[in-house]
Amino acid sequence: MLADLHIHTRLSVDGTMPPERIVVRALRRGLGLIAVTDHDAVRGARLTREAASGTGLWVVVGAEVTTDAGHIQGLGIEEDVMPRAPRPLPWRRAVDEIHARGGLAIWAHPFRSDRPLDADVLEHVDGIEVFNGRMRWSRFTAGNDRAIWTWRSAGRPLLPTAGSDAHCPPEVGAVAIEGPDLGPGSALRGAELRRWLAGAHRAWACRPSALCQTHSQLRKAARTRDPGLAARAVARAAFRFGESFSPPSTRRAVVWTRGEGEG
């Protein structure tokens, strides 16, 4: 079974997709499991689960929580994590709140900034995103390699996840992690997802159009009235003009495998 464990609806400030569109795209891309993790809110994920009812698509309800150590996904939670508290949250408090809700705490794209790696975070999260689909369009192009190395060299077992970080339809399923079949269903909580991830053995990725990232950043700039963000998005697209306008690919290649004896 293929799973994309990092998708955003239009309820994220930079998202563009209604839940129904996500379900349709996921099924077309051959996914059997998705995780929807809007920024700091679970409502979009719950709406996506409702939209997927009766389709056979499993939906993990979650949120991508903004913390002082970067983004930490809460997977398998039904309630927002401290919705009225100012962001960024202290990372340890966020992890504890995710666990209190029965969810998994996953450190998403830990190398998508110049922030030094906080090794203490690895001692408390349940897993790490070993491949993020949007890293290839950022200036931190080696971030996925570093995430894989960090997962493999951690001093304790960590669950691996992978996701497209989709904000636009062409990105859904551009990254997928492969694990055991689940059969028919509709939703997974943290404990069930933990068992599934323990059996995940490789991740696949293809190349979506980089225009998706530009589109979502311009949408965020409009919503937040941030002209600087808009200018940076356009500048990045112009600098990587060829990649920005290259057609998306549907041909997947292996980007991560679990070695013998690993976690």
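What follows draws every value from the coordinates through simple rules; no lab data is involved. Computed from a predicted structure; not experimentally measured. Cβ: placed from backbone, ideal geometry, glycine included. Neighbour counts: every protein chain shown.
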- prompt: Quick one: if you stick a label point 7 Å off each Cα along the C-beta vector at residue 46 and residue 96, how many nm between them?
  reply: 2.5
message: Positive end of the dipole of the chain, charges at C-beta (+1 Lys, Arg; -1 Asp, Glu), about the Cα centre: which of 105, 30, 17 has its Cα farthest in that direction?
response: 17
message: Tell me the relative contact order for segment 1-112 as a rounded percent, counting alpha carbon contacts under 8 Å between residues six or more apart.
response: 21
- line: At 37 °C in a medium of viscosity 0.692 mPa s, the chain has a Stokes-Einstein diffusion coefficient, with Rh taken as the Kirkwood radius over alpha carbon pairs, in µm² per second, of 181
message: If I model a spin label at residue 182 and residue 82 as a point 7 Å from the Cα along the Cα→Cβ vector, what separation in nanometres do I get?
response: 2.9
message: For the chain, which cysteines have no second Cys with its Cβ under 4.7 Å from theirs?
response: 206
query: Using a Gaussian network for the chain with springs between C-alpha atoms less than 10 Å apart, which of these wobbles most: 127, 103, 228?
result: 228
Which of 12, 164, 209, 113 has the fewest Cβ neighbours within 10 Å, and the rest in rising order: 113, 209, 12, 164
Sorted by Cβ density within 10 Å, fewest first, the residues 91, 204, 107: 204, 91, 107
task: Counting other beta carbons within 10 Å of each Cβ, put 31, 104 in order, fewest first.
output: 31, 104
- prompt: Can you list the residues, at least 5 places off or on another chain, whose amide H is less than 5 Å from the amide H of residue 11, using H built in the peptide plane?
  reply: none
task: Determine, from the Cβ-Cβ distance of residue 146 and residue 253 and an R0 of 22 Å, the FRET efficiency 1/(1 + (r/R0)^6), rounded to the nearest 0.05.
output: 0.70
query: Amide H to amide H under 5 Å from residue 173: which residues, 5+ apart in sequence or cross-chain, H placed 1.01 Å off N in plane?
result: 164
- prompt: What does the highest-first list of 128-135, 214-221, 65-72 look like by mean Cβ count within 10 Å?
  reply: 128-135, 65-72, 214-221
query: Once whole DSSP H runs in the chain are found, which of them have Cα atoms spread over 30 Å or more along the helix axis and a mean Kyte-Doolittle score of at least 1.0?
result: none
Per-residue ³J(HN,Hα) for segment 69-86, Karplus 6.51 cos²θ - 1.76 cosθ + 1.60, θ = phi - 60°, Hz, x for Gly and Pro: 10, x, 8, 10, 7, x, 9, x, 10, 10, 10, 5, 8, 6, x, 9, 7, x
- prompt: Check residue 58: other-chain or 5+ apart residues with amide H under 5 Å from its amide H, H built from backbone geometry?
  reply: 33, 34
